[in-house]
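Asker: Below you will find the structure I want to go over with you.
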Amino acid sequence: LIYMGHPRYDMQLLDTMKRIVEADTENDLLFILHCYGSHFSYHQRYPREAAYFLPDDDVAIERQHKQKIWNAYDNSIRYTDTFLSSVIGYLASLDACSALLYSADHGEDMLDDDRERFLHASPTTTCWQLHVASLAWFSDAYRRNFPAKAAAAGINETAPATTHALFHTMADMASIRGRFVDPTVSLVNPGYDRKRPRRYLNDHNEAVPFRKTGLEPEDMEVFARFGIKP
């Protein structure tokens, strides 16, 4: 787990990771990179040279500034893409048995509709908070050594899942076993349970079934467009 000083840009995590790898070429290494990603204020999540969508001024949260807020958010997403691509590129250059697992922990409301909701972690959630991006990458050496895990990841690419699967998937990717690791919750396991109920952890740390979180018809319409069944 790597901590950084100010200013905090996610690419700095890769710089620190490189120093650790270069100093230890003998042992197996596990890195947990806790990204800032797209947490508000979005304008502060990327360096100025990464500002692609303009204007992206750091403005007050008001409907009249919606486009600038969206531009800053999109810039932060683009910067995360660049960061992940850079980490994958570095791992691939090592010619080692390596893998990467990434997931956002939540989405964001950004004045998307007439409800004018903003941010996340609410007692009642929305489709924008629940629908998050995730990906897994495996080096060529990993695919040769663990072909069944890589194949299962492809099979489960569109399987219904929540961030509850992250711990179990990460442990399974590393072939870690233990009484707290459940292979039926691992997305790199052919026995992944697609029928497991999905829940939302609200701001009171209560695990609530999706359909009891206050989702409204407009949320269900968005889910339907993405082929998601809560």
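The values are calculated or read from the model by the stated rules, or taken from the named source; none is laboratory data. Keep in mind it's a predicted model, so treat the numbers as computed, not measured. Note: ideal-geometry Cβ built from the backbone for every residue, glycine included; neighbour counts use all protein chains shown. Only protein heavy atoms, including side chains, enter the accessible area calculation; ligands, DNA and RNA are left aside. Shrake-Rupley method; radii C 1.70, N 1.55, O 1.52, S 1.80 Å.
For (1) at pLDDT below 90; (2) within 23 Å of S38 (Cβ to Cβ), each residue gets a yes or a no:
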position: R115; (1), (2): yes, yes
position: P123; (1), (2): yes, yes
position: S134; (1), (2): no, yes
position: S139; (1), (2): no, no
position: A148; (1), (2): no, no
position: R177; (1), (2): no, no
position: V181; (1), (2): no, no
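Asker: Still on this structure, I have one more. Hey, among H65, H34, H39, H43, which residue is open to solvent by 70 Å² or more (accessible area, probe 1.4 Å) and out of contact with any strand residue (DSSP E or B) (no Cβ under 6 Å at 6 or more places or on another chain)? Spell out how you get there, then give the answer.
Answerer: Details: H65 fails: open to solvent by 70 Å² or more (accessible area, probe 1.4 Å); H39 fails: open to solvent by 70 Å² or more (accessible area, probe 1.4 Å); H43 fails: open to solvent by 70 Å² or more (accessible area, probe 1.4 Å).
Step by step, each of H65, H34, H39, H43 is checked, and only H34 is open to solvent by 70 Å² or more (accessible area, probe 1.4 Å) and out of contact with any strand residue (DSSP E or B) (no Cβ under 6 Å at 6 or more places or on another chain).
Asker: Can you report the number of residues in the range 19-31 which are over 23 Å from I77 (Cβ atoms) and surrounded by 14 or more Cβ atoms within 10 Å (Cβ to Cβ)?
Answerer: First, the residues of the range 19-31 that are over 23 Å from I77 (Cβ atoms): 19-30.
Narrowing further to those that are surrounded by 14 or more Cβ atoms within 10 Å (Cβ to Cβ): 21.
Qualifying residue count for the region: 1.
Asker: For the subset of the range 37-56 comprising residues that are among the aromatic types (F, W, Y) and at pLDDT 90 or above, which member is nearest to L84 (Cα to Cα)?
Answerer: Top of the filtered list is Y46.
Asker: Then there's this: Considering every residue within the range 61-70, establish whether at least one is in a loop (DSSP other than H, G, I, E, B) and either under 29 Å from L166 (Cα atoms) or without any contact (Cβ under 8 Å) to a residue 24 or more places away in the chain (or both). Break it down stepwise before answering.
Answerer: Our first condition is that a residue be in a loop (DSSP other than H, G, I, E, B); within the range 61-70, this holds for 61-62.
Checking the rest, the ones that are also either under 29 Å from L166 (Cα atoms) or without any contact (Cβ under 8 Å) to a residue 24 or more places away in the chain (or both) come to 62.
There is at least one residue in the range 61-70 that is in a loop (DSSP other than H, G, I, E, B) and either under 29 Å from L166 (Cα atoms) or without any contact (Cβ under 8 Å) to a residue 24 or more places away in the chain (or both).
Asker: Residue check: is T16 modelled with pLDDT under 95, among the β-branched types (V, I, T) and either open to solvent by 30 Å² or more (accessible area, probe 1.4 Å) or within 24 Å of L135 (Cα to Cα) (or both)? Walk me through how you get there before you give the answer.
Answerer: Values: modelled with pLDDT under 95: yes; among the β-branched types (V, I, T): yes; either open to solvent by 30 Å² or more (accessible area, probe 1.4 Å) or within 24 Å of L135 (Cα to Cα) (or both): yes.
Yes.
Asker: I would also like to ask the following. Could you list, in sequence order, the residues of the range 42-71 that are under 18 Å from the mean Cα position of the chain (by Cα) and under 20 Å from D113 (Cα atoms)?
Answerer: Taking the range 42-71 and keeping what is under 18 Å from the mean Cα position of the chain (by Cα), we get 42, 45-46.
Selection gives Y42 alone.
Asker: Looking at the structure I just gave you, is A92 of a type in the set (G, A, S), surrounded by fewer than 16 Cβ atoms within 10 Å (Cβ to Cβ) and outside any loop (DSSP other than H, G, I, E, B)?
Answerer: It is true that A92 is of a type in the set (G, A, S), surrounded by fewer than 16 Cβ atoms within 10 Å (Cβ to Cβ) and outside any loop (DSSP other than H, G, I, E, B).
Asker: Need a quick list: helices (runs of 4 or more DSSP H) entirely within the range 114-220 having at least 2 residues that are open to solvent by less than 40 Å² (accessible area, probe 1.4 Å), within 30 Å of D28 (Cβ to Cβ) and among the aliphatic types (A, V, I, L, M).
Answerer: Working: elements: 127-130, 140-145, 147-155, 165-173.
Helices (runs of 4 or more DSSP H) meeting the threshold: 147-155, 165-173.
Asker: To continue, here is another question. Out of (1) part of a helix (DSSP H, G or I); (2) out of contact with any strand residue (DSSP E or B) (no Cβ under 8 Å at 6 or more places or on another chain); (3) surrounded by fewer than 19 Cβ atoms within 10 Å (Cβ to Cβ), what's the single condition that is false for D58?
Answerer: That leaves (1) as the condition not met.
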